[in-house]
Amino acid sequence: MTAPDRARPGAGGVGDSAARPDGVRKVIGTFAYSSDLRHDDMLWGHTLRSPHAHARVLAIDTADARAVPGVAAVLTHADLPAATHYGLEITDQPVLAADRVRHHGEPVALVAADHPETARRAAALVRVTYEELPVVHDEATATAPGAPVLHPDRTDAYAARVPHPNVLHRQPVRRGDTAAAAPTADVVVTGDYEIGMQDQAPLGPESGLAVPADDGGIDLYVATQWLHADQRQLAPVLGLPPEKVRITLAGVGGAFGAREDLSVQAHACLLALSTGRPVKMVYNREESFLGHVHRHPARLHYEHGALRDGTLVYVRARIVLDGGAYASSSPAVVGNAASLAIGPYRVPHADIEALALYTNNPPCGAMRGFGAVQACFAYESQMDRLADALGLHPVDVRVRNAVDRGDTMPTGQVIDAPAPAAELLRTVRDRPLPPERPWEPTAPGAAPDLRALPGGLSNTTHGEDVVRGVGYAIGIKNAAYSEGFDDYATARVRLELDGGAPVATVRSAAAEVGQGNVTVQAQVARTELGVTRVVLPPPDTTLGSAGSSSASRQTYMTGGAVRQACAAVRDEVLRIGRERHGWPGGALRLSGGRVLDAAGTPVGTLADVLRDGPVERETVFRHRPTEPFDPVTGQGNGHVQYALCAHRAVVEVDTALGLVKVVELAAAQDVGRAVNPLAVTGQIHGGALQGLGLAVMEEILVGPDGRARNPSFTDYLIPTVLDTPVMPVDILERPDPHAPYGLRGAGEPPTLSSTPAVVAAVRDATGLALRRVPVRPDHLVADRLGTAPED
Amino acid sequence: MRVSLTVNGRPRTADGVWPGESLLFVLRERLGLPGSKNACEQGECGSCTVRLDGDLVCACLVAAGQAEGAEVTTVEGLAGPGGDLTPVQRAFLDTGAVQCGFCTPGLIVAAEALVAADLHPSDGDIREALSGNLCRCTGYEAVLAAVRLAAARTAREATAGAETDAR
């Protein structure tokens, strides 16, 4: 199918572009985001952060801050009631710095006051005495003899596997015999690539409201991606049993990975418990940039060997990810980068190493695409170099090696579901190209439309030095949690009568972060139970975990859990109907509140059964198990599911000024089953634009001093609608036999391929090699990191 | 200090306003109108777009005192008294232009102004009019579709209204 352009009227079941249940509140302004929450008697919390990337903390004096009228509390590490550290995978991150800060922006002290400005001013009066330490900022400074060891007391599971204590995790993947195969290649291309630090930049700032409870516990209302992971990390920090740390999802203004780690959670709760009053914390944009993890910057070295016809013989790859000061989810990012390092291509011989470093740079963790983005830019750049070296069309060299069902990944995992890489590439290639020189006037005497030119209304060119280029790319992404993680989702479904009509209440702890999981849960319930009305109470921790709203897993996992719970409710309804109301045996289905037999003849109604009371079931859904990767060979069935997206980018480049305008970015993606076509299309558009941002504008600039230099929307550029190309979408539906409804995780794949496609198009236009993203004007005109094509 | 202004047609007063507060803070925290959003608070993202005496402004860049005596329209003031959505609001829902929705109030206030001024905007016109509003979820394609749809529906209704008047 091609993408729908608006919601279709329908029953609102699986496959319909059903409307969002929160949509009306969002367009009239009454939907409550976490930063909109209020409480009588509430205080405002503020965080004091380190101005240094690496320093010893010699003393903290809070007397002046405490003396400010309106200040209710000033907390430092000395005031922590219980555990002093937290972390998603490794408990290495201080709640508040004690004797050492390891990155610019690390939290040092907290203030609660009656006005946000009072809290800010008081925090500025906390006197911290620092002694600056040498900054570890890249692989060389991290592993040099005598380099400062950032976590000298490591006891995590990866410590024994790494060559240096500043290496956080390392994962090799070895398949075949690369050394023996290398001499048989007719052509070899090598390349070094670099990726800057991208930020998720969700529009909603980190925020939450912590309310102390009478039982000594805490009620936290917060924007997060995984309520139960927050609870698991918070309870030890607050010194409370988990059941006294009750978390409710507040409205989330986007996530993209930025909300996987704790931000305001611990700090707001500590201030609330300390003062006995509700505390609201809202980051401003600068603090948001300093207060959440980013996408790992990366340096990658690749070597591809191929036969003259383009068939890949071997690939060597080394991927170095900068994890920053704390572990966050870096181990899993390394696993993804290693296992997906060569892309959706058949390669008999592979020798891959991926690692993440501890440095004094800002901590990095989850962002849409999660380790696969970095690898994709490198392997797709390599495929273009190979095409150049062999005189082949870039799509042809890819199609020659493209995986499909039955092929083997370098981890040894056999792809046992459709993986139509070649079809996706051909689909984007065969689309008609957009018209040339779109800025030229259509009527005689009319002015050119500057908005269609690179530089736009800045009036920098009338097209004199503008050249067009076309580029292609494809990426492969795993869905759900990998490497043996016990990944599950819980759902509870109740079916009852309300005013004589059946209504389904669907409960889960799945975070709605904008992607539309609430819509999908309602669609599943309508489909499985044949009802129209579905109610979704706010997610909280009184129900079992739904896992994270990340890794393209929530439609699969919570959708699967809701489907399973609905099936249990349906079975019970049918059992009661047969026992008490004489419904026949055999296959019965529910539709429109009625019970139909195989021929479609009504045999009863839901109301027959529900008049006696509600029917409720709770279930836990798991995807099929995965295995850890072998620490030496990287072999193992590590992933649940693979998803593919391909892009074709058309760009125009002003070669005199180094300005790029992306004219069109066409996508083709296999989603297995489009549970909500309009929402899937929205994911493809949004994901592609984030990849475009990485290609040409988005980077947190971090100096050798480890400080972020552009933490604002003035200086960190995310695409505006004027930077956005036309984005046609082709959706393929090749069902995955192992997944609910055959669906395939859809949110992340478009973020992989759009970056290399745009850069390939700029290369096509300019002839430059372009080994670093984001591509900047000086790469295009000053021949620096652009480097000549033969480089 | 005290600030008195008219918000969405109603006279409102806020007391105890610290002179450094923005109009956005007063709307959100003192007048209970959190529809205008606080994404960057430096005039870069457009999430707090409101109309101030008819002009589109970022409420975060307006000092509270500057709004003294002014007429302000926020997203909360657009739908009809019975909760009837405007054509722009309906179109945002129909095209999937709402995902997380944090940018939505600002985009809708800006799009209303565009549709009120031009029922036949080109794509370039729409892009230019909305270029001050950042969205991180949708990729803007659905937003563009929403504005096209709202303009077309409004134009159709205007034509139908004119025909009815002529009869």
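What order do you get for B:25-35, A:239-249 when each peptide is scored by the mean count of other beta carbon atoms within 10 Å, highest first? It would help to have the intermediate numbers written out before the result.
Details: B:25-35: 21.9, A:239-249: 17.8.
For the peptides B:25-35, A:239-249, the packing ranking is B:25-35, A:239-249.
What FRET efficiency comes out for A:ALA587 versus A:ARG405 if R0 is 22 angstrom and r is the Cβ-Cβ distance? Round to the nearest 0.05. Walk me through the intermediate numbers first.
Numbers: r = 30 Å, r/R0 = 1.38.
Efficiency computed from Cβ-Cβ geometry: 0.10.
Can you list which of the DSSP-assigned H helices in chain B have a Cα extent of 20 Å or more along the long axis and an average Kyte-Doolittle score of at least -0.5?
Values: long enough: B:141-166 (38 Å, 0.22).
Length and hydropathy pass: B:141-166.
Treating cross-link reach as a plain straight distance, find the aspartates and glutamates whose alpha-carbon is under 16 Å from the alpha-carbon of A:LYS477, omitting any fewer than eight places away in the same chain.
Of all the aspartates and glutamates, those that pass the test against A:LYS477 - Cα under 16 Å, at least 8 places apart if same chain - are A:GLU380, A:ASP404, A:ASP407, A:ASP416, A:ASP670, A:ASP736, A:GLU748.
Estimate for me the total accessible surface buried between chains A and B (protein heavy atoms, probe 1.4 Å, no ligands or nucleic acids), in Å² to the nearest 100.
Working: alone 28500 and 8640 Å², together 32760 Å².
Summing both chains' loss of accessible area gives about 4400 Å².
Normalised radius of gyration for the range B:71-157, please: alpha carbon Rg relative to 2.2 N^0.38 Å, two decimal places.
Relative to the rule-of-thumb radius for its length, the range B:71-157 sits at 1.00.
Taking only the alpha carbons of the range A:373-504, what extent do you get along each of the three principal axes, in Å, biggest first?
Its Cα atoms span 68, 56, 25 Å along the three principal axes.
What's the ranking of A:400-410, A:468-478, A:312-322 by average number of surrounding C-beta atoms within 10 Å, highest first?
Values: A:400-410: 19.1, A:468-478: 26.3, A:312-322: 23.5.
Highest mean packing first, the order is A:468-478, A:312-322, A:400-410.
Charges at C-beta only: +1 for Lys and Arg, -1 for Asp and Glu. How large is the resulting dipole of the protein assembly as shown about its Cα centre, in Debye rounded to 20? Numbers along the way, then the final one.
On the way: 87 positive and 112 negative charges, 351 e Å.
Charge dipole of the protein assembly as shown: 1680 debye, to the nearest 20.
How high is the relative contact order of the range A:221-320, given as a whole-number percent (alpha carbon pairs under 8 Å, six or more residues apart)?
Values: 96 pairs, mean separation 21.0, N = 100.
Dividing the mean separation by the residue count of the range A:221-320 yields 21 percent.
Regarding the range A:669-758, what are the three Cα extents along the principal axes, ordered largest first, in Å?
Result for the range A:669-758: principal-axis Cα extents of 51, 28, 21 Å.
Would you work out the charge dipole size for the range A:662-791 about its Cα centre, treating the Cβ of every Lys and Arg as +1 and the Cβ of every Asp and Glu as -1, and quote it to the nearest 20 debye?
That gives the range A:662-791 a dipole magnitude of about 200 debye.
Can you give the helix-only mean residue ellipticity at 222 nm for chain A, where every DSSP H stretch with n ≥ 4 adds -39500 (n - 2.57) and the sum goes over all residues, rounded to the nearest 500 deg cm²/dmol? Walk me through the intermediate numbers first.
Numbers: 18 runs with 193 residues, N = 791.
Rounded to the nearest 500, the figure is -7500 deg cm²/dmol.
For chain A, what's the relative contact order in percent, using C-alpha pairs closer than 8 Å and at least 6 residues apart? Walk me through the numbers on the way to the answer.
Working: 2101 pairs, mean separation 125.6, N = 791.
Once divided by the residue count of chain A, the mean separation gives 16 percent.
Let's test the formula: R0 of 25 Å, r as the Cβ-Cβ distance of B:GLN42 and A:LEU701. What FRET efficiency results, to the nearest 0.05? Display every interim value, and only then the final one.
Details: r = 18 Å, r/R0 = 0.72.
After rounding to 0.05, the efficiency reads 0.90.
Over the range A:1-136, what is the relative contact order in percent, taking alpha-carbon pairs closer than 8 angstrom and at least six residues apart?
Values: 221 pairs, mean separation 44.1, N = 136.
Over the range A:1-136, the number comes to 32 percent.
Along the positive direction of the dipole of chain A (beta-carbon charges: Lys, Arg +1; Asp, Glu -1; about the Cα centre), which of A:PRO21, A:GLY406, A:LEU300 reaches farthest?
It is A:PRO21, whose Cα lies furthest towards the positive end.
Take the Cα of A:ARG611, step 7 Å along the line toward its Cβ, and report every residue of the range A:578-601 whose backbone nitrogen sits under 16 Å from that point.
A:578-583, A:594-595
Taking A:LYS661 as the anchor, which aspartates and glutamates have their alpha carbon closer than 12 Å to its alpha carbon, excluding any fewer than eight residues away along the same chain?
A:GLU652, A:ASP723
Viscosity 0.692 mPa s, temperature 37 °C: what is the translational diffusion coefficient of the range B:1-118 from Stokes-Einstein with a Kirkwood Rh over Cα pairs, rounded to a whole number of µm²/s? Don't jump to the answer; show the numbers that get you there.
Numbers: Rh = 14.4 Å.
Value of D from the Cα-based Kirkwood radius: 228 µm²/s.
With +1 on each Lys and Arg Cβ and -1 on each Asp and Glu Cβ, how big is the dipole of the range A:402-499 about its Cα centre, in debye rounded to the nearest 20? Can you show the working numbers first?
Details: 10 positive and 15 negative charges, 47 e Å.
Computed charge dipole of the range A:402-499: roughly 220 debye.
Measure off 7 Å from each Cα along the Cα-to-Cβ vector at A:ALA83 and A:ALA501, then give the distance between these two points in nanometres to one decimal.
If labels sit at A:ALA83 and A:ALA501, their model points lie 4.7 nm apart.
Shielding of A:678-685 by partners, i.e. mean partner chain Cβ atoms within 10 Å per residue?
Details: counts 4, 2, 1, 6, 10, 4, 2, 9.
What the average comes to for A:678-685 is 5.
Where a Cα-Cα gap under 21 Å defines reach, which lysines qualify for B:LYS37, not counting those fewer than 8 residues away within the same chain?
Leaving aside lysines fewer than 8 places away in the same chain, those within reach of B:LYS37 are A:LYS26, A:LYS280.
Taking only the alpha carbons of the protein assembly as shown, what extent do you get along each of the three principal axes, in Å, biggest first?
79, 77, 75
The values are calculated or read from the model by the stated rules, or taken from the named source; none is laboratory data. Given the structure is predicted, the values throughout are model-derived calculations rather than measurements. Glycine gets a Cβ as well: all are built from the backbone with ideal geometry, and neighbour counts include every protein chain shown. Heavy atoms of the whole protein, side chains included, go into the accessibility calculation; ligands, DNA and RNA do not. Shrake-Rupley method; radii C 1.70, N 1.55, O 1.52, S 1.80 Å.
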